[in-house]
Every structure is written in C-alpha cells, then in structure tokens.
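If you scroll down you'll find the structure; I have some questions about it.
The values are calculated or read from the model by the stated rules, or taken from the named source; none is laboratory data. It should be emphasised that the depicted structure is a prediction, and the values quoted were computed from it without experimental measurement. Positions of Cβ are backbone-derived with ideal geometry, glycine not excepted, and every protein chain shown enters the neighbour counts.
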Amino acid sequence: MSDYYLFHDSAKCIGCMSCEVHCKENKRLPPGPRLCRIETIGPKWVGNIPKVDFVFMPCYHCDRPWCVAACPTGAMQKRTGDGIVFVDHNLCVGCKACMRACPWGAPQWDPEKGKAVKCDYCLDRVDQGLEPACVAKCVTKCLHFGKPEEVVDARRMRHARAMAAMATEVTLRQPVNGPKAKPMKPKRKQAQDPVEGS
C-alpha cells in the first residue's frame, strides 16, 4: 500500500459529487473517465424514511498492484518512496490491460488521449504539501488525506460522543414513574459482612 490513507466519512457525505468534479477539473479530463467515484447505494427504508448511502471509490494504491503487473510497457508504475501508483502517459500504448486487471475498476479510459488514466492522489499537489483535489474541495469535509497515523479517526470519536450522550440521556430519564422523577444516582456497593473465621 502507499504511505497515504484517504478516508471517507460516509456519515458526513451528502453525495454532492464535488470530489468528482474537482478531480476531473484538476486532471483536465473529458466526459467519461471518473478517477474517483461516489456510488449511491439505496434507497433502503429505515423505519418509514427512505435512506441512501454514498460510498467513495478511489484507487486503493495496492501493495502489489494488479494494474502494474499487467502493464506490458511499464507505463503503470508504483512510485518508489511513497507507493503512489500512477501512469506514465509517455509509455502508455492504450492496450487497456490495466483496466482488465484491476478488480475495482480504478484505471479509466480517456477517449481524447486514447490512454488509460487513474487516480494518483494528485501526486503533483502532494509533492507541494497539498491535499488531493477531491479532498481539498470536499464540501462537508468528509474526505481526509494523510499518513494513516495522522488521520483523525472520526468514526471512533463520533461513536464515543454518541455513547456519552446516550449515557447522559438514560441517567436523566430514569425513573419514568411520574412528574416528580429525579435523576438517578449511581448505586453504592453494599458493604459485605466479613466471612466467619477470617
């Protein structure tokens, strides 16, 4: 895998596609290829409310990339140093072997160039200390990019906040016997009688 981690916080994603738009703009891509992609799953019913999920699908920059192994000209490469997988368009002959090899469909076809294109985490931006275009322009800030040990674990923090809020709510609601109900205090442990003979 590459040294980087691109995390999509699906709970904050609204499916606005700004990540896709700014990716295409940054790479100057024509209609057709989508280097990152928001897949809409659903709707499904949650209670009486229809709900959809949005799943962000970039290139995963695999440890042993199928696309690199399949490329007959060496155009598909894994960058030494940080593991970013990219295409050298001077070497690409448009055979589409990388597109057939990738199980996630990350390499795309650029009909204007007649060559394969793919997400390279905007390596020119990364080299300047910037975030990839999809992350930088995310409207809800649901995309995070960085080293795995640096990226905030939003899911754990959200879960912790929800658990803390739930515990407070339960404490304030009990008991539910009437209008004079007061918040319950935690019970103290009863002192145990000493065991005979001790």
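Check ARG79, ARG125 and return the single one that is at pLDDT 95 or above, under 22 Å from PRO33 (Cα atoms) and over 17 Å from the mean Cα position of the chain (by Cα). Full working, then the answer.
On the way: ARG79 fails: under 22 Å from PRO33 (Cα atoms).
Answer to the selection: ARG125.
When you go through (1) at pLDDT 95 or above; (2) under 26 Å from THR40 (Cβ atoms); (3) charged (D, E, K, R) one by one for LYS51, which number turns out not to apply?
All conditions pass for LYS51, except number (1).
Here is a yes/no grid of residues against (1) of a type in the set (Val, Ile, Thr); (2) out of contact with any Phe, Trp or Tyr (no Cβ under 9 Å at 6 or more places or on another chain):
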position: LYS118; (1), (2): no, no
position: CYS134; (1), (2): no, no
position: HIS144; (1), (2): no, no
position: VAL151; (1), (2): yes, no
position: ARG156; (1), (2): no, yes
position: HIS159; (1), (2): no, yes
position: MET163; (1), (2): no, yes
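Additional query: Can you go through HIS144, HIS159 and tell me which one is in contact with a helix residue (DSSP H, G or I) (Cβ under 8 Å, 6 or more places away or on another chain), modelled with pLDDT under 95 and either farther than 22 Å from GLY32 by Cβ or of a type in the set (Lys, Arg) (or both)? I'd like the intermediate steps shown before the answer.
Working: HIS159 fails: in contact with a helix residue (DSSP H, G or I) (Cβ under 8 Å, 6 or more places away or on another chain).
Exactly one of HIS144, HIS159 is in contact with a helix residue (DSSP H, G or I) (Cβ under 8 Å, 6 or more places away or on another chain), modelled with pLDDT under 95 and either farther than 22 Å from GLY32 by Cβ or of a type in the set (Lys, Arg) (or both), namely HIS144.
Still on this structure, please answer the following. For the condition touching a residue at least 40 places away in the same chain (Cβ under 8 Å) and among the small types (Gly, Ala, Ser), what is the one hit in ALA101, ALA116? So that I can check it myself, show each step before the final result.
Working: ALA101 fails: touching a residue at least 40 places away in the same chain (Cβ under 8 Å).
Within the list ALA101, ALA116, the selection yields ALA116.
Search the range 1-16 for residues that are touching a residue at least 12 places away in the same chain (Cβ under 8 Å) and more than 14 Å from CYS142 (Cβ to Cβ) and pair each with any residue that is β-branched (Val, Ile, Thr) and buried (at least 18 other Cβ atoms within 10 Å of the Cβ) when their beta-carbon atoms are under 7 Å apart and the residues are at least 6 apart or on different chains.
Filtered contacts from the range 1-16: SER2/ILE84.
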